Amino acid sequence: MSVDLRTRVDTEQVPVEAGPFFRETLPALLDAHRALIAPGASELPLADFCIETDGEQWTLACHEDRVSVKAGHHGGPRVRLTAEQLGDIVNDQSTPVALMSNKLLDMPEGGLPDFLNWWLVLRATLDGRRIHARGDVTFTHETRRSFTPDDSDEEMRGFLEEAGYLHIRGLFSQEEMEAVEADFPKAAPHFEKGDPRAWFATTKDGAEQLVRMEGFDRYSEVTVDLIDDDRFQRIGRIPGIGHVQVRKLGARVGALTKPIGIVKGISDVPWHKDCSLGRHSYECCTLTVGISVTGADAHSGQLRVVPGTHRALVWPAPCVQPGLDLEPVDLPTGVGDVTVHLSCTQHMSQPPVSRTRKVLYTGFGQRPADPEAAETNRQRLQAVRSKTHTSVSQEPGYLGD
C-alpha cells in the first residue's frame, strides 16, 4: 500500500452554494456512496443534525442504512456556518476541529462530538472513503516494534505503511544530542512573547516558560548538519514515493521543551492527527520526524500513537473516537532515537511528571501537484489560524506533538 493518500488539488476546488449543494449535490452523493457510509454510520450515535448557512437550514438524518437531507431544522444539534466555512468544510480545507480550535464553532444546540460524527458522513460522501467500522483495519505485523539503522528501508516501509509510524533507535549519538541541547539556551533569546515562532506556557509555580522555538535551525548549525546528514535524509526515502524536506533556513526545525506542571498554554498536545485542521486530501501523508534530544518515557512526556488510524476515517481530534477498536501504543525513546509518524496517524504526548523532555521536530512532505495554488490556500487559512497557537505547521511535513 502507498502512504500517498491525496485525492485533490487546489485548482480543482468546486464553488459551494448552499441551496444547490443540499438540494441536489449532497443527496445524489449520499445515494452513490451508501455502501461506504452505512457500516460505519451504524456504529455512530447520529442524531438528526442541522447545518444553517445564509439563513437556510438543512437537516441530515440517518434511518436504517440511508442518510437523507431535508429542509429546515427538525430539532437536535445545529451548527451555523458562513458560506466560506461551508465551502472550506466541503472542500476539505477546514474541519470542525479547526473551527473549534479557532473559537469559530457556532453551535446553538449540540456540541463538537455531534459535528464530528456527521463530519465522518460528509467526508465519506464527498471523498468516497469508507467510514471506519470495527474490524476494518487489520495488521500482519505486531503494532509495537522498533528498528535500528541496520534494518532495511523495505522492512521499515512495510511497517510504516501498515502501522503509520516508526521508532528508529540510536540514529544519533549522545554526544550529538548534547551538542544540540547546548544550543537551546543560545537560541532562546531570539524568541520573545508575541513572536508567532515562539510558544510560551505557564507552570504551576506561575513561571512563564518558552516551550517551543520554530526556526531553531537558524540558530543551531549542529542541528542543520544532522538533518542534512544522510543518516537522517534516508528517512524521507523510506516510503519510496519522493518525500522532500524544506530547505529554507528558519523553516526546517522546531525545538520543544516540555516542562513539568504546565497549567496554561500549549505544550503537550492531546490526541490528534496532524491533518485535523484540514487538507488531508491535498497533503497526506507527510512524515513528521521527532529527534529525541533527551529521551522520553511515561514519566517524561513520551509520544503515543494509535497504529492504523491513517487507514481509518475516524475523528481526527481532540480524543480517540469513543468505541474505536484500534489500541494506542507508547513510544518510549532513548537519547538520539527518532520517531516518525504519518500526518494522519493519531498521536499525542503525555505531560512529563518527573523530568523535562527536549525534542526536535522536522519532517518531509510530498511534492504538491500545484504548489502555487496550495500555498495560496495555506496562507489564507493560516491568516485565521495564526490568531491562536493551533496551527503548528509552517510547511508540509513539519508538525510536532
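Side notes on the structure shown:
- Note, ³J(HN,Hα) from phi for region 290-306, Karplus 6.51, -1.76, 1.60, rounded to Hz, x at Gly and Pro: x, 9, 7, 6, 10, x, 7, 9, 5, 9, 9, x, 5, 7, 10, 9, 10
- For region 3-19, backbone phi angles converted through the Karplus equation (6.51, -1.76, 1.60; θ = phi - 60°) give residue-by-residue couplings of 9, 8, 9, 6, 10, 10, 10, 4, 6, 9, 4, 9, x, 10, 10, 4, x Hz, Gly and Pro being listed as x.
- Each of the peptides 30-43, 78-91 was scored by the mean count of other Cβ atoms within 10 Å over its residues; in descending order, highest first, they stand as 78-91, 30-43.
- Low-density loop positions, GluC sites (Glu not before Pro), region 174-281 - DSSP coil, at most 11 other Cβ in 10 Å: E192
- Phi to ³J(HN,Hα) by Karplus 6.51 cos²θ - 1.76 cosθ + 1.60 over region 45-61, Hz, x for Gly, Pro: x, 9, 6, 3, 10, 9, 10, 10, 9, 6, x, 9, 10, 9, 10, 9, 9
- Cα gyration tensor, the chain - rounded (a/c under 1.5), prolate or oblate: prolate
- Within straight-line reach of K193, meaning a Cα separation under 22 Å, sit the following lysines at least 8 residues removed in sequence or on another chain: K103, K204, K258, K264, K358, K387.
- Here the residues F139, F21, ranked from fewest to most Cβ neighbours within 10 Å of their Cβ, fall in the order F139, F21.
- Kyte-Doolittle at least -1.0, axis length at least 18 Å by Cα - qualifying DSSP helices, the chain: 112-127
- Taking every alpha-carbon pair in region 153-385 and binning the separations at 5 Å intervals from zero gives 1, 6, 13, 18, 20, 19, 14, 6, 2, 0 percent.
- Sites T140 and A47 - FRET efficiency at Förster radius 51 Å, r taken between beta-carbons, to 0.05: 0.85
- Once the Cα-Cα distance is subtracted from the 0.36 nm per residue extended length, the D4 to I241 segment shows a gain of 84.6 nm.
- Hydrodynamic radius of region 10-127 by the Kirkwood approach over all distinct alpha-carbon pairs: 14.3 Å.
Bear in mind these aren't lab numbers, they're just calculated from the coordinates by the rules spelled out. Every value quoted in this text rests on a predicted model; they were computed, and no experiment measured them. Methodologically, a virtual Cβ is constructed for each residue, glycine included, from the backbone with ideal geometry; neighbour enumeration extends over all protein chains shown.
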